[in-house]
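Here the structure is laid out as structure tokens; the discussion comes afterwards.
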Amino acid sequence: MACRTSLSRRGFLGDMGAGLAGIAFASLAGATPRAPHFSPKARRVLQIFCPGGVSHIDTFDYKPALERFHGKPLPGGEDFVSFQGKNGNLMRSPWTFRQQGQSGKWITELLPHLGEWADRMAFVHSMTSKTNTHGPACVFMNTGFVLEGFPSAGAWVTYALGSENENLPAYVAIPDIRGTPPSGPANWTSGFLPAQHQAIVFNAAEPIRDLARPVSETEDEATRAFAAFLNRRHAARFPGDSDLEARIASYELAARMQLSAPEVSDFSKETAATRALYGVDDANPLVAAYARNCLLARRLLERDVRYVTLFCGSRASGVDGLLNWDAHKTLQADYERHCPVLDRPTAGLLRDLDQRGLLADTVVVWTTEFGRMPTHQDGTLGRDHNPDASTVWFLGAGVKGGVSHGATDEFGRKAVEDVATVYDFHATLLHLLGLDHEKLTWYHNGIQRRLTDVHGHVIQPVLG
């Protein structure tokens, strides 16, 4: 391509417009951090999501009454029909609970490593959902809407705050090696927000595809420079086309990621002590795989990726509870399979973040789509879905540790004290990032849309 040494007035104005478009693309791509509504302690988010509906009463919400009334009907619920049908009698947890830390928080013996963090966690035991079906409930927990097509919390956060690393995505979803969660990409979609705010999806086992250079470095750089020139000129002809802008921005980001993404996935320089902390070489392949994803999450967060969603479990399988936490038939066998996968690697991730000073400006949230019934499912030794009660927790920047907010009834059947909604959860998460959930909006189809729809209150007791 010949180099132009002189420039006409028309050419100058045309190229200037293209250049300004290029600046706009960089901004739209989130390459520049943006100011929050007020000064926060947290700058980034780690969300740990366990698909399948984790049983609150077998993990973090201790119910001694289940011991006393084991085998008896649930008072007032003798004929209750839930998601998969009739329920049997009350069923105690198969495991003992132990008091942890100075707060004396009761946590299942199946999560001994996470239990050590009880004094840093703020539990919300009164979380509720609007649906008892996995796909819609996962989407509701991640987007604030039961229907698919609305932006995820991560997309809202990156739209609001941008990115602090121009060479990596602002938002990354890390699926479990066992597969994607129910409803898949609907959990990390950008919805009606500009397309670049959708998460980039990869994990330690399957790095981002198609990043290798197909030509030499010199040819690649020349090709990218020429493509950038054409992209800017084309975009100047179609201003305001967010899909086009997002595609150009994603291509430019992909080019930069050819160098940065392989490095972030390279664990070769991690110490033996760090590998042992996470359990990346564990004999259990599921533990090792999730541990490597946890290590990947830390490497992304320390490189200022704004929002990381880490999944532990996948979509529902033909055999209940085999691939995720959906323990309809065999609660004990299922959770003795899943809890060791979650426990040590997650606790190792928290420890590593803390040792590196990253918890000072990172908020960590643990979530699932709903809880489980305190009764056993009729004819089984498992529990059915329960949208009326579940537990989530916060930890890290701006969070008051050792707090248990809200409560379920004595059996864990329903949230009865300080009942919380997904809207409240999202309002609190945004607040921790310095964002007012009522001011974070996007005009779509005649309405100013919000992550919290027209609802939501900040859960003040969990704030430090």
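What are the residues in region 71-98 that are closer than 30 Å to V403 by Cβ and either loosely packed, with under 13 Cβ neighbours inside 10 Å or outside the structural domain of D384 (by TED's automatic domain parsing) (or both), if any?
Of everything in region 71-98, those that are closer than 30 Å to V403 by Cβ and either loosely packed, with under 13 Cβ neighbours inside 10 Å or outside the structural domain of D384 (by TED's automatic domain parsing) (or both) turn out to be P75, T96.
Within region 263-281, how many residues are free of Cβ contacts under 8 Å to residues at least 24 places away in the same chain and either under 16 Å from C339 (Cβ atoms) or in contact with a strand residue (DSSP E or B) (Cβ under 8 Å, 6 or more places away or on another chain) (or both)?
0
Under the condition of being charged (D, E, K, R) and out of contact with any Ser or Thr (no Cβ under 9 Å at 6 or more places or on another chain), which residue from region 83-108 is farthest from L331 (Cα to Cα)?
K86
Only one of (1) more than 21 Å from D326 (Cα to Cα); (2) in a loop (DSSP other than H, G, I, E, B); (3) of a type in the set (A, V, I, L, M, F, W, C) is not met by V54, so which one is it?
Exception for V54: condition (1).
Could you go through region 134-145 and let me know if any residue there is farther than 22 Å from H431 by Cα, crowded, with 18+ Cβ neighbours inside 10 Å, of a type in the set (S, T, N, Q) and in contact with a helix residue (DSSP H, G or I) (Cβ under 9 Å, 6 or more places away or on another chain).
For region 134-145, residues farther than 22 Å from H431 by Cα, crowded, with 18+ Cβ neighbours inside 10 Å, of a type in the set (S, T, N, Q) and in contact with a helix residue (DSSP H, G or I) (Cβ under 9 Å, 6 or more places away or on another chain): absent.
Kindly indicate which of G115, G135 is free of Cβ contacts under 8 Å to residues at least 24 places away in the same chain and assigned by TED's automatic domain parsing to the domain that holds P51.
Checking each option against the conditions leaves just G115.
Could you tell me which numbered condition P207 fails, if it satisfies all but one of (1) more than 25 Å from P181 (Cα to Cα); (2) at pLDDT below 95?
(1)
How about region 282-310: which of its residues are more than 21 Å from P340 (Cβ to Cβ) and polar (S, T, N, Q)?
Selection gives T309 alone.
Taking E206, is it touching a residue at least 40 places away in the same chain (Cβ under 8 Å) and surrounded by fewer than 20 Cβ atoms within 10 Å (Cβ to Cβ)?
No.
Table: residues versus (1) assigned to a strand (DSSP E or B); (2) under 20 Å from the mean Cα position of the chain (by Cα); (3) farther than 24 Å from F49 by Cα; (4) of a type in the set (K, R).
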site	(1), (2), (3), (4)
L395	yes, yes, no, no
S404	yes, no, no, no
G412	no, no, no, no
T428	no, yes, no, no
G434	no, yes, no, no
L440	no, yes, no, no
T452	no, yes, no, no
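Looking at region 56-63, is at least one residue outside the structural domain of P185 (by TED's automatic domain parsing) and buried (at least 20 other Cβ atoms within 10 Å of the Cβ)?
For region 56-63, residues outside the structural domain of P185 (by TED's automatic domain parsing) and buried (at least 20 other Cβ atoms within 10 Å of the Cβ): absent.
May I ask you to verify whether R98 is more than 30 Å from A195 (Cα to Cα), at pLDDT below 95 and basic (K, R)?
So R98 fails the test.
When you scan region 84-175 for helices (runs of 4 or more DSSP H) that lie fully inside it, which ones turn up with 2 or more residues that are within 18 Å of G456 (Cα to Cα) and not polar (S, T, N, Q)?
134-143, 153-161
The values are calculated or read from the model by the stated rules, or taken from the named source; none is laboratory data. Note that this is a predicted model, so its numbers are computed, not measured. All Cβ positions, even for glycine, are placed from backbone atoms using ideal geometry, and neighbour counts span all protein chains on display.
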